[in-house]
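All remarks here apply to the structure that follows.
The values are calculated or read from the model by the stated rules, or taken from the named source; none is laboratory data. Not measured: the values here are computed from a predicted model. Reconstructed Cβ throughout: ideal geometry from the backbone, glycine too, with neighbour counts over all protein chains shown.
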């Protein structure tokens, strides 16, 4: 034991503490703001929530239709993520496992759509949704979200499936299983770390998605949370306190998803590492 | 148990110019342990995968019990396979790995439990049934892979280099277990390896392959002592057979081998004594040469390699461009530079055509 080790450890702790403060302070500040009224915030922007106004959460949830926006977000995002995960995993499995004519061409076609910023598609999507009477519907928004996230999902999962030894699939074939069952019983469980990653990434991205939600949904009853929060930001005044309260409500499911799936993700990665 | 027969089986991969496997004719009898032996890329694993149904067959016929199964999918062939990587399902326990194939075949839950427990006990896996593969050692994983095959009680067992990921000690003990397993089950087994020791110790017969073709089939000692060509002669044995350029000379009625500057008379009773004069490749195993005191071949010791149980001498023969290896006793008192006299047991020697590489006096032939 020398001087260097405690010193290095101390420096590491300081660096980690600074980084944690840097990363967490906006979250903590919004949490503090969510417990204060807008009047209190304008009077003292950095003040403590004394007394804390927990009733603001009930006001936002019931009085400002947050319950509706929240449930819309849950329905749209969870449906889209479920479809993207299953369809993306199936596509990735096929592209990685089966040699067929045009395999790489198809892969690069899907991959190439990542190059274009999603904004360039918005007018076309708007027209398509109107054409198929899907404008201002949750199903329309779900389909758009699926199309947005499918390429990156296929890209991530395909590279993972490609690394899974083909012997596993051969063993399952010899054990008597069909290709479809092999996908469900072998591919999906083995790829769980990668699938967890795509679920986390897609949920966070879509939960916070604003542009397509505001363009493709016009009814207040079908709005998702990011658009709902906009209600508190007007031309004349901003209800900063309620915006913060809305943000805290919006964050809860994302944190829950992250905690649940990241634990599974780490379990999977640890299993691979020990092996 | 089953008879597996390959008739002119050929495999060409899409875009490939050369067939990976070409015209393989092979019949594996009921309960036989057949070893496919050859260097990397010789087509032995491809042949095994075609038998398993994991690769399509480009041409030829594959039969199990006289039933053509070229187009029968792997799942319907009643075959079990042990992979080089073991291919254990990482997300399943040992118990589930072994039961996975049985569930598909509609066995009842109690029957599956009974079979898995019985096989696991036999392989010493009882305490590990609830563990995942990553929590097992290499040897334990290998046994799980074996158990997964055994529990199915298939018609044919296929092994694709199952010992190559084990350390030397474990490989030796597992080899013994495999031999006992074959004795106990009496099942038809096809085993792919590039390790000649595995082939010699396990196989009832060995099928040696090179460049996608069968070079020789026979019982291990037959193949070892009478190689069909210089490839087999050089591939089998460690150290391999000495392959020395020589000339058959006929002087009057007597034959002799000219080895560089020296001449070795061939007794009239020897198999090579009816050969025509001309150049040959003279093949002699290192253990079929001996350092003697009597009048015989002169040689100079080039290197001495003590291996513990024996000593390998490298000998320079006058006028012969390459050195010959001789397997001597471990206590041989020779040093590099020493001049010695060497005798060859011509009864065990092989002679090969220098142009084709085929044996000239081999008692065995391809397909035997």
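Pairs only if they're at least six apart or on different chains, beta carbon under 6 angstrom, first in segment A:185-197 and at the interface with chain B (Cβ under 7 Å from one of its Cβ atoms), second part of a helix (DSSP H, G or I) and crowded, with 23+ Cβ neighbours inside 10 Å; list them, first residue then second.
A:186/A:172
Would you confirm whether or not segment B:340-347 contains a residue that is modelled with pLDDT under 90, surrounded by 17 or more Cβ atoms within 10 Å (Cβ to Cβ) and over 30 Å from residue B:23 (Cβ atoms)?
Looking for residues that are modelled with pLDDT under 90, surrounded by 17 or more Cβ atoms within 10 Å (Cβ to Cβ) and over 30 Å from residue B:23 (Cβ atoms), one finds at least one in segment B:340-347, hence yes.
Considering only residues that are part of a helix (DSSP H, G or I) and within 14 Å of another protein chain (Cβ to nearest Cβ), look in segment B:103-114 and name the one that is nearest to residue B:53 (Cα to Cα).
Only one residue fits best here, namely B:104.
Any residue at all in segment A:203-218 that is surrounded by 18 or more Cβ atoms within 10 Å (Cβ to Cβ), in a helix (DSSP H, G or I) and within 14 Å of another protein chain (Cβ to nearest Cβ)?
no
Can you tell me which residues in segment B:51-60 are within 14 Å of another protein chain (Cβ to nearest Cβ) and more than 19 Å from residue B:178 (Cβ to Cβ)? If you could, list the steps in order and put the result at the bottom.
First, pick out the residues of segment B:51-60 that are within 14 Å of another protein chain (Cβ to nearest Cβ): B:51-56.
Listed by number, the residues that qualify are B:53, B:54, B:55, B:56.
Looking at residue A:199, is it crowded, with 17+ Cβ neighbours inside 10 Å, under 25 Å from the mean Cα position of the chain (by Cα) and in a helix (DSSP H, G or I)?
Criteria met by residue A:199.
Tell me the residue from B:24, B:35, B:9, B:72 that is within 14 Å of chain A (Cβ to nearest Cβ) and either surrounded by fewer than 16 Cβ atoms within 10 Å (Cβ to Cβ) or part of a strand (DSSP E or B) (or both), please.
That would be B:72, the only listed residue that is within 14 Å of chain A (Cβ to nearest Cβ) and either surrounded by fewer than 16 Cβ atoms within 10 Å (Cβ to Cβ) or part of a strand (DSSP E or B) (or both).
Testing residue A:162 on (1) within 19 Å of the chain's Cα centre (by Cα); (2) in contact (Cβ under 8 Å) with a residue 40 or more places away in the chain, one condition comes back false. Which one is that?
(1)
Which condition from (1) assigned to a loop (DSSP other than H, G, I, E, B); (2) away from chain B (no Cβ under 14 Å); (3) within 24 Å of residue B:83 (Cβ to Cβ) is the one that residue A:114 breaks?
Answer for residue A:114: the failing condition is (3).
Does residue A:48 satisfy the condition of being in contact with a helix residue (DSSP H, G or I) (Cβ under 9 Å, 6 or more places away or on another chain) and outside any helix (DSSP H, G or I)?
Yes, satisfied.
When you check residue B:67 against the structure, is it crowded, with 20+ Cβ neighbours inside 10 Å and either over 19 Å from the mean Cα position of the chain (by Cα) or in the same structural domain as residue B:191 (by TED's automatic domain parsing) (or both), yes or no? Please lay out each step first, then the result.
Working: crowded, with 20+ Cβ neighbours inside 10 Å: no; either over 19 Å from the mean Cα position of the chain (by Cα) or in the same structural domain as residue B:191 (by TED's automatic domain parsing) (or both): yes.
The answer is no for residue B:67.
Being within 14 Å of chain A (Cβ to nearest Cβ), touching a residue at least 24 places away in the same chain (Cβ under 8 Å) and under 16 Å from residue B:35 (Cα atoms) is the requirement here; does residue B:133 meet it?
no
How about segment B:217-317: which strands (runs of 3 or more DSSP E) wholly inside it have at least 1 residues that are in contact (Cβ under 8 Å) with a residue 60 or more places away in the chain?
Answer list for segment B:217-317: B:242-251, B:254-259, B:262-266, B:278-284, B:310-316.
What number of residues within segment A:219-250 satisfy the criterion of being assigned to a helix (DSSP H, G or I) and under 19 Å from the mean Cα position of the chain (by Cα)?
10
Matching residues to (1) under 23 Å from the mean Cα position of the chain (by Cα); (2) in a loop (DSSP other than H, G, I, E, B); (3) at pLDDT 95 or above; (4) within 14 Å of chain A (Cβ to nearest Cβ):
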| position | (1), (2), (3), (4) |
| --- | --- |
| B:19 | yes, yes, no, no |
| B:31 | yes, yes, no, no |
| B:42 | yes, yes, no, no |
| B:49 | yes, no, yes, yes |
| B:84 | yes, yes, no, yes |
| B:101 | no, no, no, yes |
| B:127 | no, no, no, no |
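Restrict the check to segment B:157-165 and report whether at least one residue is surrounded by fewer than 20 Cβ atoms within 10 Å (Cβ to Cβ), under 24 Å from the mean Cα position of the chain (by Cα), away from every other protein chain (no Cβ under 14 Å) and over 27 Å from residue B:22 (Cβ atoms).
No - not one qualifying residue is present in segment B:157-165.
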